[in-house]
Amino acid sequence: MSSEPIALAVIGGTGLYRLAGLEDAEAVLHATPYGDPSGAARVGRFAGRRVAFLARHGEGHALPPHRVNYRANLWLLQELGVGRVVAVNSVGGITDAYGPRAIGVPDQLIDYTQGRVSSFSDMPGAEVRHVDFGEPYSRGLRQALLEAARAAGAEPVDGGVYGCTEGPRLETRAEIARMRRDGCDLVGMTGMPEAVLARELGLDYACLALVANWAAGCGPAPEVEITMADVLANMEAAIAPLPAVLERLLAA
Ligand code: HPA
């Protein structure tokens, strides 16, 4: 394997199972002290740099959000020497700026998940750490991602609160109304514990949120059912600028 450091890792969410433009990719897959990752990390060349890609749900989307082994995924990336992670997450939009097909870079999150293992500190004998998480995403990487998205002509939304639910079901309208009162702008199922585990490992981590649908009860037609067909069509549109965004990010 090349000794050139990996410039960036991308964790792909729903609708993103391969990174277009990743060339000469080598699959790296092995068990970690925390179990098996979602699949192989693909390490190859993208825009002239060494880049790793990992499909969060597995390449065939076999793993629902609550079954993803977030610890093993991040551990594998860290073992590869990754220092920066861009997490791509499909989300539902709650507030006006985050309508379907919008892309954004949230700056805060609220964790509504239940029972996920959310620390590397829970093994017997492990050091107990209380990491600072006041600012859950890395400021520098967030800014770089925003600038890259603007340079790629993508008009990203700057900031917003990501509410992470347990899933895999979508939320009730009352749950989303409560999340809106809590200050959430977007809702997804995979933002946590990934972000805090990255922080525990000292990785730079930022989220690129792609809006697949209006969250339950939101938008101009709040009673309309959320269909998978709409979600997938919106995701396809929202993902389109991604290669250009990553290219700009790597060139910066
Ligand atoms: N809720 C939670 N997660 C999601 C949604 C949603 O409406 N859309 C895409 N991921």
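Only one of Gly219, Gly202 is of a type outside the set (A, V, I, L, M, F, W, C), free of Cβ contacts under 8 Å to residues at least 40 places away in the same chain and either touching a helix residue (DSSP H, G or I) at 6+ places or on another chain (Cβ under 9 Å) or on the phi > 0 side of the Ramachandran plot (or both); which?
Only one candidate passes the filter, namely Gly202.
Can you name the residue in the range 64-86 that is in a loop (DSSP other than H, G, I, E, B), of a type outside the set (Val, Ile, Thr) and at pLDDT 95 or above and, of all such residues, is farthest from the ligand (Cβ to nearest atom)?
Gly81
Let's see how each residue does on (1) away from the ligand (no atom under 16 Å from the Cβ); (2) in contact with a helix residue (DSSP H, G or I) (Cβ under 6 Å, 6 or more places away or on another chain); (3) in a loop (DSSP other than H, G, I, E, B); (4) at pLDDT 95 or above:
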{"position": "Asn213", "(1), (2), (3), (4)": "no, yes, no, yes"}
{"position": "Glu223", "(1), (2), (3), (4)": "no, no, yes, no"}
{"position": "Met235", "(1), (2), (3), (4)": "no, no, no, no"}
{"position": "Leu246", "(1), (2), (3), (4)": "yes, no, no, yes"}
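Hey, can you tell me all the residues within the range 92-102 that are under 16 Å from Ala154 (Cβ atoms) and away from the ligand (no atom under 13 Å from the Cβ)?
Ala97
Looking at Ser138, Ser118, which one is surrounded by fewer than 19 Cβ atoms within 10 Å (Cβ to Cβ) and in contact with an Asp or Glu (Cβ under 9 Å, 6 or more places away or on another chain)?
Ser118
Of all residues in the range 7-37, how many are over 15 Å from Glu79 (Cβ atoms) and not β-branched (Val, Ile, Thr)?
Adding up the residues that qualify gives 15.
Criterion first (modelled with pLDDT of 95 or more and hydrophobic (A, V, I, L, M, F, W, C)) does Leu16 satisfy it?
no
Please specify each residue of the range 114-167 satisfying the condition of being farther than 15 Å from Met192 by Cα and part of a strand (DSSP E or B).
Val157, Asp158
Within the range 168-191, track down each residue that is within 12 Å of the ligand (Cβ to nearest atom), surrounded by 24 or more Cβ atoms within 10 Å (Cβ to Cβ) and in a loop (DSSP other than H, G, I, E, B).
Cys184, Met189, Thr190, Gly191
Any chance you could count how many residues in the range 202-211 are part of a loop (DSSP other than H, G, I, E, B) and within 14 Å of the ligand (Cβ to nearest atom)?
0
What are the residues in the range 54-72 that are buried (at least 19 other Cβ atoms within 10 Å of the Cβ), more than 12 Å from the chain's Cα centre (by Cα) and of a type outside the set (A, V, I, L, M), if any?
Arg71 - this is the single residue of the range 54-72 that is buried (at least 19 other Cβ atoms within 10 Å of the Cβ), more than 12 Å from the chain's Cα centre (by Cα) and of a type outside the set (A, V, I, L, M).
Do we find that Asn89 is within 14 Å of the chain's Cα centre (by Cα), more than 16 Å from the ligand (Cβ to nearest atom) and among the polar types (S, T, N, Q) in this structure?
Answer is no for this residue.
Kindly evaluate Arg199 against the criterion of being part of a helix (DSSP H, G or I), more than 17 Å from Thr113 (Cα to Cα), away from the ligand (no atom under 12 Å from the Cβ) and not β-branched (Val, Ile, Thr). Full working, then the answer.
Details: part of a helix (DSSP H, G or I): yes; more than 17 Å from Thr113 (Cα to Cα): yes; away from the ligand (no atom under 12 Å from the Cβ): yes; not β-branched (Val, Ile, Thr): yes.
So Arg199 passes the test.
Which one of these is under 21 Å from Ile239 (Cβ atoms), touching a residue at least 12 places away in the same chain (Cβ under 8 Å) and touching a Lys or Arg at 6+ places or on another chain (Cβ under 9 Å): Pro65, Pro5, Pro100?
Unique residue meeting the criteria: Pro65.
For the range 200-243, which positions are crowded, with 21+ Cβ neighbours inside 10 Å and under 30 Å from Asp122 (Cα atoms)?
Within the range 200-243, Tyr205, Ala206, Cys207, Leu208, Ala209 meet the criteria.
Kindly evaluate Arg45 against the criterion of being among the basic types (Lys, Arg) and surrounded by fewer than 17 Cβ atoms within 10 Å (Cβ to Cβ).
It is true that Arg45 is among the basic types (Lys, Arg) and surrounded by fewer than 17 Cβ atoms within 10 Å (Cβ to Cβ).
The values are calculated or read from the model by the stated rules, or taken from the named source; none is laboratory data. Since this is a predicted model, take the numbers as computed values, not measurements. Quick reminder, even Gly has a Cβ in these numbers, built from the backbone with ideal geometry, and neighbours come from all protein chains shown.
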